[in-house]
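Each remark here refers to the structure printed beneath this line.
The values are calculated or read from the model by the stated rules, or taken from the named source; none is laboratory data. Because the structure is a prediction, the values reported are computed rather than measured. Cβ sites come from the backbone with ideal geometry, for glycine too, and all protein chains shown count toward neighbours. The accessibility values were calculated without ligands, DNA or RNA, using every heavy atom of the protein model including side chains. Shrake-Rupley method; radii C 1.70, N 1.55, O 1.52, S 1.80 Å.
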Amino acid sequence: MKLSSKDEIGQLGRVFETMASDIRDYTVNLEAKVAERTAELTEANEEIARLNEQLRGENLRLGAELDVARRLQMMILPPDKETRKIQDLDIASYMRPTDEVGGDYYDILKVGDALFICIGDVAGHGLPSGVIMLMAQTAMLTLSKTGERNMGNMLSILNKVLYNNIQRIREDKNMTMAILQYKNQEVSMVGQHESVLLCRNDGRIESVDTMDLGFPIGLQEDIEGFIMTSQLRLEPGDVMLLYTDGITESVNM
């Protein structure tokens, strides 16, 4: 229709003319448009399949890396053959990560006449926490071998090492850690971690708070002003329990 009027009828007619043209275009070119859209969908599906395959391979690689990190963590824990050689103390230890890689750490180091017992927990889980745990173990082992016996100095140096490395790997992580030194039934302890539980040989239970003995590792470069030492004595038959929050935060039905 040839429409020259500009009133509502003319506007309505022009809308119908546009609709008719569109319908005619879709009718004539429908098969071509369907083929074009089908080709686009096929290409998209092939790309999705390729990305899925790539993701599957990446997950396998990442899983293998996490498994290696977990194995490394378990390998550096003190073996029974070492702890059985330690006189005076009966030592039992156990760790089972809930994830592939956790941030829990413990060690028992006999160096000369000194016996160091360490326990710690990196915030969070995953590969970064596991790497920081390995850093802590290496740093503590190195310090113990240098002949340093001042507990406050050891914790202060260990914090500086971990702080610098955490800054370098750009992770927002920190770690609670306690270091204990045992000699002639006397235990010296520094560092902030979970409470130490003591079951005395007469059945009494004691809880030693560690909050005032240090500061979380890796939060700031210098924690020397926060470090304090606590002393306790172990009698024959006493039991001392060290643990991480994996125990206190675990729940079941």
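Some points to look at:
- Filtering the stretch 228-253 to residues that are within 17 Å of Q192 (Cβ to Cβ) and over 25 Å from the mean Cα position of the chain (by Cα) leaves M228, T229, S230, Q231, L232.
- Scanning the stretch 195-215 for residues that are of a type outside the set (D, E), loosely packed, with under 13 Cβ neighbours inside 10 Å and not in a loop (DSSP other than H, G, I, E, B) gives I205, S207, M211.
- Within the stretch 87-109, the set of residues being at pLDDT 90 or above and either part of a loop (DSSP other than H, G, I, E, B) or more than 23 Å from G246 (Cβ to Cβ) (or both) comprises L89, D90, I91, A92, S93.
- Neighbours by Cβ (under 7 Å, 6+ apart or cross-chain): first from the stretch 207-231, touching a residue at least 40 places away in the same chain (Cβ under 8 Å); second basic (K, R) and open to solvent by less than 50 Å² (accessible area, probe 1.4 Å): G218/K173
- For the stretch 110-140, filtering for residues that are in contact with a Phe, Trp or Tyr (Cβ under 9 Å, 6 or more places away or on another chain) and either open to solvent by 10 Å² or more (accessible area, probe 1.4 Å) or in a loop (DSSP other than H, G, I, E, B) (or both) leaves 6.
- Selection of the stretch 216-240 for residues being open to solvent by 50 Å² or more (accessible area, probe 1.4 Å) and under 16 Å from G191 (Cα atoms) yields L219, Q220, E221, D222, E224, G225, F226, M228, T229, Q231.
- Of all residue pairs spaced 6 or more apart or on separate chains, those with beta-carbon atoms under 8 Å, a first member in the stretch 2-16 that is open to solvent by 100 Å² or more (accessible area, probe 1.4 Å) and a second member that is outside any loop (DSSP other than H, G, I, E, B) are S4/G10.
- Per this entry, S188 is not counted among residues that are small (G, A, S) and part of a helix (DSSP H, G or I).
- Of residues in the stretch 143-180 being among the hydroxyl-bearing types (S, T, Y) and touching a residue at least 24 places away in the same chain (Cβ under 8 Å), the one surrounded by the fewest Cβ atoms within 10 Å (Cβ to Cβ): Y163
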